[in-house]
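Enquirer: This structure is in structure tokens; I'll ask about it shortly.
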Amino acid sequence: MKCQKCGVNNANTHIKTIVNGEFKEYDLCGECAKQMGYTNVFGDIENEFSNFLGSFFGNVLPARTQATRCDFCGSSYSDISKSGHVGCANCYNIFGEQLLPSIRRIHGNTAHCGKNSDKPEKQNPKPQEETKEQKIARLKSELDTAIKEQNFEYAAELRDKIKEMEG
């Protein structure tokens, strides 16, 4: 089968696309597929395999394995900083010094104070019951937030609650 784009070379790549619900199939040669932005999934395996083999015969390790990694989950500090998620509890012990400035900046403190304290009466007084007007105002604020976040299902529920309370 010949390439559908150039019509010269033999087609060795089959492409299926769905754009705006329209299904299309193409049979392309390697050059035309590359020009259209379709690359070989296995293109870099040779380089990765040679790097893998090279690591057994010398002190030439890929850069990603030279970073300190957590013994338990395998995360590196680079992984944590890119994702924003700490891999496991052990990561706090291994990367603690590096994480401390970020934790202080985000949370304002590095010691967990807890939800409950020794003196719940003074520290965590019982909340006063909301008045109807306060509850409506709070629901309207939540409605605005839901709309900004494009959470329209929740916004509709809030709208209905507000109408019910006002009417």
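The values are calculated or read from the model by the stated rules, or taken from the named source; none is laboratory data. Keep in mind the model is a prediction, meaning the values are calculated, not measured. Don't worry about glycine lacking a Cβ; one is built from the backbone with ideal geometry, like all the others, and counts go over all protein chains shown. Accessible surface is based on the protein model in full, side chains and every heavy atom, while ligands, DNA and RNA are left aside. Shrake-Rupley method; radii C 1.70, N 1.55, O 1.52, S 1.80 Å.
Enquirer: Would you check which residues across the stretch 125-155 are open to solvent by 90 Å² or more (accessible area, probe 1.4 Å), part of a loop (DSSP other than H, G, I, E, B) and charged (D, E, K, R) and list them?
Expert: Once the filter is applied, which keeps residues that are open to solvent by 90 Å² or more (accessible area, probe 1.4 Å), part of a loop (DSSP other than H, G, I, E, B) and charged (D, E, K, R), the stretch 125-155 yields Lys126, Glu129, Glu149.
Enquirer: Looking only at the stretch 1-15, filter to residues that are in a strand (DSSP E or B) and closer than 11 Å to Glu31 by Cα; which one of those is most open to solvent (accessible area, probe 1.4 Å)?
Expert: Taking the candidates together, the pick is Asn10.
Enquirer: Same structure, new question: Just checking, does the stretch 107-114 include any residue being at pLDDT below 80, open to solvent by less than 50 Å² (accessible area, probe 1.4 Å) and more than 24 Å from the chain's Cα centre (by Cα)?
Expert: yes
Enquirer: Name every residue in the stretch 78-99 that is touching a strand residue (DSSP E or B) at 6+ places or on another chain (Cβ under 9 Å) and either exposed (fewer than 13 other Cβ atoms within 10 Å of the Cβ) or in a helix (DSSP H, G or I) (or both), in order of residue number.
Expert: The answer is Asp79, Ile94.
Enquirer: Does Gln128 fit the bill of being at pLDDT below 80 and not β-branched (Val, Ile, Thr)?
Expert: Working: at pLDDT below 80: yes; not β-branched (Val, Ile, Thr): yes.
Yes; evaluated as a whole, the condition is true for this residue.
Enquirer: Pairs, please: C-beta under 6 Å, at least 6 apart or cross-chain, first residue under 15 Å from Glu164 (Cβ atoms) and in the stretch 134-146, second of a type in the set (D, E, K, R) and open to solvent by 60 Å² or more (accessible area, probe 1.4 Å)?
Expert: If the second residue must be of a type in the set (D, E, K, R) and open to solvent by 60 Å² or more (accessible area, probe 1.4 Å), the pairs left are Leu139/Lys161.
Enquirer: Would you confirm, using the coordinates I've provided, whether Ser102 is of a type outside the set (A, V, I, L, M, F, W, C), open to solvent by 50 Å² or more (accessible area, probe 1.4 Å), at pLDDT 70 or above and outside any loop (DSSP other than H, G, I, E, B)?
Expert: Criteria not met by Ser102.
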